[in-house]
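K.L.:
Here it is: the structure, laid out below.
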Amino acid sequence: NAGVTQTPKFRVLKTGQSMTLLCAQDMNHEYMYWYRQDPGMGLRLIHYSVGEGTTAKGEVPDGYNVSRLKKQNFLLGLESAAPSQTSVYFCASRTWGVGSDTQYFGPGTRLTVL
Amino acid sequence: GQQLNQSPQSMFIQEGEDVSMNCTSSSIFNTWLWYKQDPGEGPVLLIALYKAGELTSNGRLTAQFGITRKDSFLNISASIPSDVGIYFCAGPPNTGNQFYFGTGTSLTVIP
C-alpha cells in the first residue's frame, strides 16, 4: 500500500514549456486534489475531482489543466509554464464518510520555471 | 483554500517542554485533522477528530475537537528534537468539497 505517490519529484522547465505531473493513489478514494505551496505560505487549491471523469476549479486554477480518466490517477498539466508557477505541488486524496473523512498527501513535486 | 486561524504562529521551546496550539474557525466543522510537515516533505496526518468533545491521542500527541465545533487543540508532551516542523490543522466545513487549512505553527525544539 503506497498511499499517494507523485512523479516526478523534481523538474526544471523553461518558460513556455509544458509538462504533466502525475498523482496516483491506491486507496480507492473518490476525491483527489492538487495544491501548490509557495515559501512561507499555506496550501492553495488548484483543481480537484470528486470522482472519475470529473474535475472542478479551486482557488488558483489559471494556467493549469487537470484530468481524471482513471479513479486512481489525477494529472496536472501546465500548457505554457511561467516563472510564477515555480512552486511545490502536492496531490492529496480523500476518504469521505461519517467518522472517516481524511485527506492524505503525496510527497510533492518541486517545480522550477526559469 | 480558506485559512483557519491558528496560534501561535511559531514556538521556540526547550527539549522536554510541553507544547499547545489551537485552531479556530468561523464555520462549524464535522472533522478536524492535524498534520505535521517537515521541510521538503509532504504533510503527514497526525490525528483525525470526528466528534465534538472528542479527545484522541497518538503517542505524545493529544488533540481535542472543541465542543462548539469551531475549534480544535493539539498538545505535544515532553517535546524532543524530532518534533521540529510545521504543524497545521485542516478540515472540511459542513458544505462543499474543499478543505480549509490553518496558517501553521512552526515549532523549534532547543536541545
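K.L.:
So what's the gap between the Cα centers of region A:100-114 and region B:58-75, to the nearest angstrom?
P.N.:
First find each Cα centre; the distance between them is then 25 Å.
K.L.:
On to the next question. At a Cα cut-off below 25 Å, give the lysines reachable from A:Lys70, other chains included and same-chain residues fewer than 8 away excluded.
P.N.:
Partners within reach: A:Lys9, A:Lys57.
K.L.:
In whole Hz, with x marking every Gly and Pro, tabulate ³J(HN,Hα) for region A:7-22 from phi via Karplus 6.51 cos²θ - 1.76 cosθ + 1.60, θ = phi - 60°.
P.N.:
9, x, 7, 9, 7, 10, 10, 9, 3, x, 6, 10, 6, 10, 9, 10
K.L.:
Where both residues lie in chain A, what percent of DSSP beta bridges are antiparallel, nearest 5?
P.N.:
DSSP beta bridges in chain A are roughly 90 percent antiparallel.
K.L.:
Also, quick follow-up: Going by Cα centres, region A:1-20 and region B:1-44 are how many Å apart?
P.N.:
28 Å
K.L.:
Next question. With a cut-off of 8 Å between alpha carbons and a minimum separation of six or more residues, what is the relative contact order of chain A in percent?
P.N.:
35 percent
K.L.:
OK, next. Which chymotrypsin sites (Phe, Trp or Tyr not before Pro) in region A:11-49 pass both tests, a DSSP loop state and at most 15 other beta-carbon atoms within 10 Å?
P.N.:
none
K.L.:
Turning to a different aspect of this structure: So which cysteines in the protein assembly as shown don't have a second cysteine's C-beta under 4.7 Å from them?
P.N.:
none
K.L.:
For region A:59-112, run through the trypsin sites (Lys or Arg not before Pro) and keep only the ones in DSSP coil with at most 13 other Cβ atoms within 10 Å of their Cβ.
P.N.:
Here the sparse-neighbourhood loop sites are A:Lys70.
K.L.:
Ranked from highest to lowest mean number of other Cβ atoms within 10 Å per residue, what is the order of the peptides B:88-94, A:56-62, A:83-89?
P.N.:
B:88-94, A:83-89, A:56-62
K.L.:
Rounded, prolate or oblate: which fits region B:38-110, taking a ≥ b ≥ c as square roots of the Cα gyration tensor eigenvalues, rounded meaning a/c under 1.5, else prolate when a/b beats b/c?
P.N.:
Here region B:38-110 falls in the oblate category.
No value in this document is a laboratory result; all are computed from the given coordinates. Keep in mind the model is a prediction, meaning the values are calculated, not measured. Heads up, the Cβs are rebuilt from the backbone with ideal geometry, glycines too, and the neighbour counts pull from every protein chain shown.
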